[in-house]
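Everything on this sheet refers to the single structure shown next.
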Amino acid sequence: MLSAEHLNASYKDLQVLWDISFHVEEGEIVALVGANAAGKSTILKVIAGLVPLDNGTVSFRGNRIDNQPAHKIVELGISLIPEGRRLFYDMTVHENLEIGAYGRQAWREKERTLREVYRIFPILQDRKNQLTKTLSGGEQQMVAVARGLMSRPKLSLFDEPCLGLSPLNLREIFRVIRELRKAGTTILIVEQNVKQTLSCADRAYVLENGRIVMQGTGQELINSEHVKTVYLGL
């Protein structure tokens, strides 16, 4: 479904991605794990059209997208759920969700998608007329995920979806991720909770200093001595 080849990217004079290559098959949950500043979020922003490449290619379903603007990439079927939620806090839950369906096709299917989203997150239906700033942190993260689903993505990019959440809300986010995969959405996830993420992932890549240093199934990496020592504290 997604192929990234020899990605190099920089912020001004600081290069943060060095010859990154990986792929995501349709129906998979694939994780990018590593320490802070390893380049994980930058990879998602490159795919979403928010950070330009110095060189390299990104292809989605066989077509290059690294030369496409962000709104076109959303219309092709890729949605980014950003780190830090990035919600409109003085708007209601319902209004935030509607914004996620701004594309023409998504807007035509908005009512059906809203019903599906409220089925996944029933508490958001109860809160739909509340201002988003009045919600708890966990509920706000649900809004961020739900907004990302409103464009009816084929591939969802999750950037630190569990940041700052309680263990209960963390389990809820991973429940949703598994449910989305079961419903046919492919997932690429960046997350600091390495053990939980690898337990959920079909495959994963470990990044260090902007380079991929390991890859394998989620279980293979959980069992890796390097991952145990560096990321799991075992």
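The values are calculated or read from the model by the stated rules, or taken from the named source; none is laboratory data. The structure presented is a predicted model; accordingly, all values stated were derived computationally and were not measured. Counting neighbours? That spans all protein chains shown, and the Cβs are built from the backbone with ideal geometry, glycine included.
A compact table of results
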item	result
Any hit, region 110-128, residues being in contact with a strand residue (DSSP E or B) (Cβ under 8 Å, 6 or more places away or on another chain) and at pLDDT 90 or above	yes
Search result, residues across region 146-203 that are closer than 21 Å to R127 by Cβ, of a type in the set (D, E, K, R) and touching a residue at least 12 places away in the same chain (Cβ under 8 Å)	R147, E172, E179
Number of positions in region 132-190 that are assigned to a helix (DSSP H, G or I), among the β-branched types (V, I, T) and crowded, with 20+ Cβ neighbours inside 10 Å	5
Number of positions in region 51-80 that are part of a helix (DSSP H, G or I), buried (at least 17 other Cβ atoms within 10 Å of the Cβ) and among the acidic types (D, E)	0
Hits in region 95-148 - residues which are of a type in the set (S, T, N, Q) and under 19 Å from G164 (Cα atoms)	T132, T134, S136, Q140, Q141
Failed item in (1) at pLDDT below 95; (2) not in a loop (DSSP other than H, G, I, E, B), with A31 passing the rest	(1)
Cross-chain or 6+ apart pairs with Cβ under 7 Å, region 56-85 first and under 16 Å from D159 (Cα atoms), then among the polar types (S, T, N, Q) and assigned to a helix (DSSP H, G or I)	E83/S41; R85/Q140; R85/Q141
Residues of region 39-50 satisfying the condition of being surrounded by 22 or more Cβ atoms within 10 Å (Cβ to Cβ) and either among the basic types (K, R) or part of a loop (DSSP other than H, G, I, E, B) (or both)	G39, K40
Filter pass, Q196 being over 22 Å from K45 (Cα atoms) and touching a Ser or Thr at 6+ places or on another chain (Cβ under 7 Å)	no
